[in-house]
Every structure is written in C-alpha cells, then in structure tokens.
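Trainee: Structure provided below as structure tokens; questions to follow.
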Number of protein chains: 10
Amino acid sequence: MLFQVQMEVRIPHDVPVDRAERLKREERERAQELQKSGIWRHLWRHVGRYANTSIFDVGSAQELHDILSTLPLFPFMEISITALCRHPSSVHDGDQ
Amino acid sequence: MLFQVQMEVRIPHDVPVDRAERLKREERERAQELQKSGIWRHLWRHVGRYANTSIFDVGSAQELHDILSTLPLFPFMEISITALCRHPSSVHDGDQ
Amino acid sequence: MLFQVQMEVRIPHDVPVDRAERLKREERERAQELQKSGIWRHLWRHVGRYANTSIFDVGSAQELHDILSTLPLFPFMEISITALCRHPSSVHDGDQ
Amino acid sequence: MLFQVQMEVRIPHDVPVDRAERLKREERERAQELQKSGIWRHLWRHVGRYANTSIFDVGSAQELHDILSTLPLFPFMEISITALCRHPSSVHDGDQ
Amino acid sequence: MLFQVQMEVRIPHDVPVDRAERLKREERERAQELQKSGIWRHLWRHVGRYANTSIFDVGSAQELHDILSTLPLFPFMEISITALCRHPSSVHDGDQ
Amino acid sequence: MLFQVQMEVRIPHDVPVDRAERLKREERERAQELQKSGIWRHLWRHVGRYANTSIFDVGSAQELHDILSTLPLFPFMEISITALCRHPSSVHDGDQ
Amino acid sequence: MLFQVQMEVRIPHDVPVDRAERLKREERERAQELQKSGIWRHLWRHVGRYANTSIFDVGSAQELHDILSTLPLFPFMEISITALCRHPSSVHDGDQ
Amino acid sequence: MLFQVQMEVRIPHDVPVDRAERLKREERERAQELQKSGIWRHLWRHVGRYANTSIFDVGSAQELHDILSTLPLFPFMEISITALCRHPSSVHDGDQ
Amino acid sequence: MLFQVQMEVRIPHDVPVDRAERLKREERERAQELQKSGIWRHLWRHVGRYANTSIFDVGSAQELHDILSTLPLFPFMEISITALCRHPSSVHDGDQ
Amino acid sequence: MLFQVQMEVRIPHDVPVDRAERLKREERERAQELQKSGIWRHLWRHVGRYANTSIFDVGSAQELHDILSTLPLFPFMEISITALCRHPSSVHDGDQ
C-alpha cells in the first residue's frame, strides 16, 4: 500500500551543531536501510528547500507510523501524508 | 529532469455530461500515451479525491508546460509543480 | 485499517431540486448499507454545517477510494483524509 | 454529548528531557483514566504526526474544557474542537 | 450551554429576487421567535458585512444543529461554531 | 458602542513561572474591574483553548485600544477585533 | 472616529453589462457625495486591482455599517474593516 | 521604477468561446506593444499554469495601474503586485 | 507617489527591556521626523494590536525601501506594502 | 532554463551579530560571483522586506538546488520556486 509522505525539516539554530550532525547521519543511515528493504520506495529532494517527497510501500498505516515516528529527525519534521491508490489511467499494474 | 505535478480536477456541474465524458476519455488516452513514452513516469490517485500526484521526466521546463497545458482537462485543473532533484540519501542512481 | 474522512457537502443552488433530493436519498441508502457492513464504522454530523466526520475500517487505501468515489454525492463533496493508527495511550485493543 | 477534539503536540526542543518525559507519562495516565471512565471515548493517532483525533462524551462544554485544560501536555497542545451530533443517516442510536 | 455562532450569508446574484426576499423575511421571523424564547441569546451585525455573531443557549449540541440547519437562509450561510464555557475571571454567574 | 474582541494567549514556556503567575493574577483583577464598570460586557472562555470571546462597550475605538493595550497579558495576546452594530432582526433595543 | 475599510469588488461576468454600468455610476455618485460631506475621508485605488483602501470618519460603528451596506456595489464587495485610533508617535492632532 | 506583477487568468467555462478567443488575441497584441515600448520588460509563463510573472518598468504607480486595468483580460485576472528596488548585492546598475 | 504600509511589530520577550525601550524611542523620533518632512503622510494605530497603517508619499519605490529598512524597529516588523494611485471616484486632486 | 526564486530571510535575534554579519558578507560575495557568471540572472529587493525575487538560468533543477542549498544564508531563508518557460506573447526569443 502506497503513501505519499512530504517531509519538511526545520532544525532550530540553537540545536548544538554536533547533535544536528549526528541526527542527520543517523537519518541518512535509516533512510538508506529502508530504501534497500523496498519500504521507502522513492525519495526526492525539493529544489531549494530542506524538504522531500517520498513514496512508502507499507503493509498498513500502523507500519508507516512506526517507521516515521522513529526517524532520527522526526522531532524536527513537519510531515504531511496522502494515501495513494491505483489511478484508473495508469498503465503500470505494479504501480498500484 | 523530474517534476512532481499535483493535479486537482474540478469540472463544474453545468458542463454538459457528454462534453465532460469526452474530455475524460481524451485525457486518459493522452495520459497513457505519455506514460508509455516514459515522460509521465508515475501516476497515483489521491484516495477520496479527484486528484493525483504525478512524476514527469522531461528534458526541460518548457517541455513540461507544453505537455500540461495541452491536456484535455487542463482548463478544469488546479496544478501545482515542485521541481525535484536527487536526494543525498537516495540509494537509486537512476532516481535522480 | 482506519481512516478519518471529513466530508463537506456543497450542492450549487442551481442543481434541480429533484436531482438533489434523489442524490441525497441514494447517499443515505449507501451510507446505511456501508455502516451495516461494518466498513463505515462511525458517522457524526458537524453541528451547524452540512458536513460530517466519519471513520472507515477498510482492508486497503484502494478499497476506501473505491467506496468514496462512488458515493452519490461525491461530485459535490470536499473530502479530506487522515490515516489513523493505534494510539500508544489507547486502552482499547479493538480501537486499533 | 460528543465532541471531536484534535490535538497537535509541539514540545519545544529546549524543554528539559526529563520534564518532557514526566509530562508525557502523566498525560498517558490521565488519558487512560479518562478512557476507562467512558469520557474519552475514542483516541486515534494521526499517522506520521504527533497528533490525535479524539471523541469525548461529556455532560457539558464546561466539563470538556475542565478536562482538556488540565491535561499535563495542555500548554504544548494546539487543540481544535468540533461539536458533533447524530447524523440523520446513522444506523446507530447510541452513536448520537 | 452557550455556543458562539458566526454566520456569513452569501446569496448568489442569480437567485431570483423574490425568492431571496422571501427567505430573508422568513429568516427574520424565525430569528425573532428564537430570540424571544431565550435560545438565540445575542445577535449582532458585523459592520460592513452580511454577517453576524450570535450566542445561542441550548440544552445540547443536537438542539443547536436542529435549529441552525432549519434556518431559511441555511443553504446560503457559511457557519462557524465555537463552544463556550465560563471564564474563570468572569464576574457573572449567569453568564456561564 | 460594541466591539467583539477575541483574545488568544500564548505565553512562551521560558517565561519564568512567577512572572507568568503574577501577570495572570493582575490580568484577572483588571478584567473583573472592567466587567464591574460595565465596559467589558461579556467574557466567555473558548472550550479547550487559552482563548476567549469578549464584548466591550466603549465610547470610542480609542478607549478600546487604551484598555486592551494596557492589559497585563497584552504582550502575549493575539487579538482580533470586529466592530459590531445592531442587527436588523434583533429584538433587543439595548443590545444595539 | 476613523475606520480603515478595504473593498474588493468582484462583479460576476454574467451580470448584464447595463446593470453593472448603472451600479458603478451610482456607486461613484454616492462615493463623491460622502467624500464631500467629510465622512469618506480618503479613497485610494490599489494598483492593478479592482480594490481600494478607504478611511471613514464616522460618529459610530452603526453609522459606518448603514453607509457601507447601502452602497450600490455592496452585494459584489468583499469588505474588511480595521478600527483605527491615534498613534502615540503621530504628530497630527487632527489625524486622531 | 520596477514592479513585479503576477497574473493568474481564470476564464469561466461559460464565457462564449469566440469572446474568450478575441480577448486573448487582443491581450497578446497589447502585451507585445507594451514589451516593444520597454514598459513590460519581462514576461515569463509559469509552468503548468495559466499564469505569468512580469516585470514592468514604469514612471509611476499610476501609470502601472492605467496599463493593467485596461488589459483586455483584466476582468478575468487575479493580479498581485510587488514593488521592487535595487538589491544591495546586485552587480547590475541598470537592473535598478 | 503613495504607498500604503502596514506594520506589525513583534518584539520577542527575551530581548532585553532596555534595548527594546531604546529602539522604541528611536523609532518614535524617526517617525516624527519623517512625518514632519511630509514623507510619512499618515500614521494610524490598529485598535488592540501593536500594528499600524501608514501612508507614505515618496519619490520612488527605492526611497520607500531606504526609509523602511532603516527604521530602528525594522528587524522586528512584519511589513506589507500596497502601491496606491488615484481612485477615479476621488474628489481630491491632491490625494492622487 | 529559468526559475523564479523568491527568498525571505529571517535571522533570529539571538544569532550573534558577528556571525550574522559574516554570513551576510559571504552571501553577498557568492551572489555577485553567481551574477557575474550569468547564472543568477536577475536580483531585485522587495520594498520594505528582507526578501528578494531572483531569476536563475541553470542547466538543470539539480544545479539550482546545489547553488541554493549552499548559499551562506540558506539556513535562515524561506525559499519558494516557480519553474518558468517562454510566454507565447513574449517578443524576446532569448527570454525563453
């Protein structure tokens, strides 16, 4: 089941630099792990912003929440979710 | 080059039914043609809305405009565009 | 899987009265059928508005879209969707 | 009498961790106590957000305010309230 | 129980004048009847707008909805509701 | 002359507790004094929010500003003002 | 007493041209009459918009409403009102 | 003096096609005339929208309004204006 | 050339009181100087807000920016600008 | 390929003055370098705001992101992007 997830990251300027760097490093590792597992299916940067559009392929809404809420940068993210489904004009069966 | 395109369709209720049906049929044909050519890379329906998220892979912003502005339902769409680029944490080279 | 669905109905004043009445009657029948099947789990009216908050229990996002997009009043609804999951402080197992 | 209550929690990053943890623990205890009493009838997490949708069953608007304004995390919540009533298409008598 | 109700009236210009006039006349009669009964406790016009702030004193949210949704101009109103309760600094007991 | 005043109070969490408590105590005293004088005609709490709807009866807009801008919590309030006048359907002469 | 009034005019395209022209002519006459009387103290066009900023000098909020709500174009205006008072740094006594 | 002008065109679907076509043709002629004169300095289409960003170089705000308000499509445009001036980091003297 | 300037002042509570007082004093002196010169033509306080509506009469947009961006409180202001011009119904020649 | 970039700069008041000054100096140097190279084609200040409208001419969306995200003031900017293309009424071939 696919969900579009848009994440906007806002780290306040008074968070210590080393803490911010550590969180970003951990975020990247977690993101790559989830991409390799096929759950975080797409990940694109928004030009000119500290933001991304992601497509997640999960078994349930619960699974999506468990993943997002444990992302290292979650406390500094504004997240918006759009549930997706197959478009009747889509030519891709596997694109759901 | 990838662009995220969100389309919201609003056909006023006083557009004649046959005109609306014809436009939708033509829209579907054009959408499938563009998907098969690889330009309209992804097309997902938003659950519960007459709306979609699409990913276009085009050579230029001009090409994207020429495609979108000639879609049969263009006069009844509210479109928002987000320019995308490769995310530094992406594991997919081809995902740009 | 639970989704919160908020529906706002806006029927333009120049829709013929008998068409509007027919659509409302069909909407009610469909809503009751879906409630009895357990899919449309809750349905509450917003005080002072032609709007409601609903909780749907569906097997997938696709199923939810198929239901919502075929509601008789769908063309006159503004719908917003929130994917729900179990709250860690919830005392109800069945409340997911 | 039912009210839909949507709570969004935003704890500033410079609130000491132990104070935040204590408030969350107290919030959870209070939430479970109110659920068991039947007042906090439903509690669902919004996927991907530190937010919830709740349904309260109270004797008056005053009672609702007294409950919400004494929640441990109240100073860090953005709350929006929607008064609910029985939907004419509801099949549940007890759903009001 | 008190609710603040803000009503904004928007009658499309192509509603026939006599229908609009009849609805306004019926709205006024209903409003005065409800004021005399003590339910529609206050009614103030917003300066420069076809809008008002009203305070209703009702036994339940259901009663409020039944009143508002049967107002003659209801189909042309945008209504927003705020549940009120006694302010701790209020000096009026009867003001709840 | 009546004005509707909506006040939303937001005290940052790093304002010292004793300063906040002192300001709230002074605010309450001032609010009660103004209510007794008949100027602050109504004061209702919004359910679930640190906010209120108030009705002021003043001789001029200048008088209203002088009162509001010297409230002890003024620096932490977001205030919105609506000028009111007599509604043509009102049954109360004194309600203006 | 001064009020800032911002008016945005939106005449639907299907209002007959002669009716629109008549309303505009009557609006202009009324506006000039009120300016000459000193009530409509300032009237400026917003560049590039069918909108204006006006300053009214009235004896009461009621008087302002009676004037605005009888302007010939009132049914096609979106009006927003800001109550003004003397600025403590103003050097003009008469500017209130 | 430079102004950034953003124009969004919305022609209702029930405007007769020949009227719309005539207005667009006249708009194009006027736009080209103003570009050639140097007043309409830049004109860019927004990708995927019936909208543009324009830069006007005019002698006064009055001149800008006289130009914009007589554009053939003005009644169907939503226009927003930003007054511009020389940026302290600009390397172009003539770019003002 | 006239511009409407709306200024909203928000001084964070942790700016030292003496710095804030000094800035306000300097702001007042500068505002009075500019009013006396005829550039800052009108200055009105918004009732109940730390905000004002001002009318500036300047030779160019550049001059306006140079004035506003050097106001002592500029770093704490949210400013919105509306370019004004003569209204066709204005009776004042000098009002432009 | 042209993109319109609007930048709003918000430096919190508790960023040390020398750090802010250094960042602004570096920003200016980088902006001038990019202007001289022809990439940052236009740069205009918004009157009365710490904001600008810029036009970038880049080979790809990726190039634009790489430039914007390494601007010294990027962490304190709110950036919005509009992809541009040739307007059919434009008289400038090179203006795309």
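The values are calculated or read from the model by the stated rules, or taken from the named source; none is laboratory data. Keep in mind it's a predicted model, so treat the numbers as computed, not measured. Positions of Cβ are generated from backbone atoms using ideal geometry, with glycine treated the same way; all protein chains shown enter the neighbour counts.
Trainee: Could you run through region G:1-35 and say how many residues are more than 7 Å from chain I (Cβ to nearest Cβ) and of a type in the set (G, A, S)? Give the steps one after another, and end with the answer.
Mentor: To start, the set of residues in region G:1-35 that are more than 7 Å from chain I (Cβ to nearest Cβ) comprises G:1, G:3, G:5-27, G:29-30, G:33-34.
Filter once more, so that each one left must be of a type in the set (G, A, S): G:20.
So the count comes out to 1.
Trainee: Looking at (1) at the interface with chain A (Cβ under 10 Å from one of its Cβ atoms); (2) within 30 Å of A:K24 (Cα to Cα); (3) crowded, with 16+ Cβ neighbours inside 10 Å, which is the only condition B:V47 fails?
Mentor: Looking at each condition in turn, B:V47 falls short on (2).
Trainee: Tell me which residues, restricted to region F:47-65, are free of Cβ contacts under 8 Å to residues at least 24 places away in the same chain and closer than 30 Å to D:I67 by Cβ.
Mentor: Once the filter is applied, which keeps residues that are free of Cβ contacts under 8 Å to residues at least 24 places away in the same chain and closer than 30 Å to D:I67 by Cβ, region F:47-65 yields F:V47, F:G48.
Trainee: Collect the residues in region A:31-54 that are of a type in the set (A, V, I, L, M), under 12 Å from B:C85 (Cα atoms) and under 10 Å from the mean Cα position of the chain (by Cα), keeping them in residue-number order.
Mentor: Keep residues of region A:31-54 that are of a type in the set (A, V, I, L, M), which gives A:31, A:34, A:39, A:43, A:47, A:51.
Right, trim to under 12 Å from B:C85 (Cα atoms) and you get A:43, A:47, A:51.
Result: A:L43, A:A51.
Trainee: Answer yes or no as to whether C:P88 is touching a strand residue (DSSP E or B) at 6+ places or on another chain (Cβ under 8 Å) and exposed (fewer than 15 other Cβ atoms within 10 Å of the Cβ).
Mentor: On the way: touching a strand residue (DSSP E or B) at 6+ places or on another chain (Cβ under 8 Å): yes; exposed (fewer than 15 other Cβ atoms within 10 Å of the Cβ): yes.
Spelling it out, C:P88 is indeed touching a strand residue (DSSP E or B) at 6+ places or on another chain (Cβ under 8 Å) and exposed (fewer than 15 other Cβ atoms within 10 Å of the Cβ).
Trainee: Given the criteria within 16 Å of B:H42 (Cβ to Cβ), free of Cβ contacts under 8 Å to residues at least 60 places away in the same chain and at the interface with another protein chain (Cβ under 9 Å from one of its Cβ atoms), does B:H92 qualify? Outline the logic, then answer.
Mentor: Working: within 16 Å of B:H42 (Cβ to Cβ): yes; free of Cβ contacts under 8 Å to residues at least 60 places away in the same chain: yes; at the interface with another protein chain (Cβ under 9 Å from one of its Cβ atoms): yes.
In short, yes.
Trainee: On the given criteria, is F:A83 out of contact with any Leu (no Cβ under 8 Å at 6 or more places or on another chain) and small (G, A, S)?
Mentor: Details: out of contact with any Leu (no Cβ under 8 Å at 6 or more places or on another chain): no; small (G, A, S): yes.
The answer is no for F:A83.
Trainee: When E:L68 is evaluated against the numbered criteria (1) surrounded by 18 or more Cβ atoms within 10 Å (Cβ to Cβ); (2) free of Cβ contacts under 8 Å to residues at least 12 places away in the same chain, which criterion, by number, is the only one it fails?
Mentor: (2)
Trainee: Could you grab the pairs with beta carbons closer than 6 Å, sequence gap of 6+ or different chains, first residue in region B:17-40 and farther than 18 Å from B:E63 by Cα, second one at pLDDT below 95 and not in a helix (DSSP H, G or I)?
Mentor: Taking only residues 6 or more apart or on different chains, the pairs are B:R28/A:S89.
Trainee: Out of all the residues in region I:3-22, which are within 14 Å of I:L68 (Cα to Cα) and of a type outside the set (F, W, Y)?
Mentor: Matches in region I:3-22: I:Q4, I:V5, I:Q6, I:M7, I:E8, I:V9.
Trainee: Moving to a separate point now. Determine whether H:D93 is modelled with pLDDT of 95 or more and on the phi < 0 side of the Ramachandran plot. Before the answer, list the steps.
Mentor: Values: modelled with pLDDT of 95 or more: no; on the phi < 0 side of the Ramachandran plot: yes.
So H:D93 fails the test.
Trainee: Could you please find all residues in region I:1-43 being acidic (D, E) and surrounded by 13 or more Cβ atoms within 10 Å (Cβ to Cβ)?
Mentor: Quick first cut of region I:1-43, residues acidic (D, E) only: I:8, I:14, I:18, I:21, I:26-27, I:29, I:33.
Once the filter is applied, which keeps residues that are acidic (D, E) and surrounded by 13 or more Cβ atoms within 10 Å (Cβ to Cβ), region I:1-43 yields I:E8, I:E26, I:E27.
Trainee: Exactly one condition in (1) over 30 Å from B:P16 (Cα atoms); (2) facing another protein chain (nearest Cβ under 9 Å) is not met by H:G38; state its number.
Mentor: For H:G38, the failing item is (2).
Trainee: Let me ask something else about it. Just one of the numbered conditions (1) exposed (fewer than 14 other Cβ atoms within 10 Å of the Cβ); (2) β-branched (V, I, T); (3) within 7 Å of another protein chain (Cβ to nearest Cβ) is not true of H:I79; which one?
Mentor: Just one mismatch for H:I79, condition (1).
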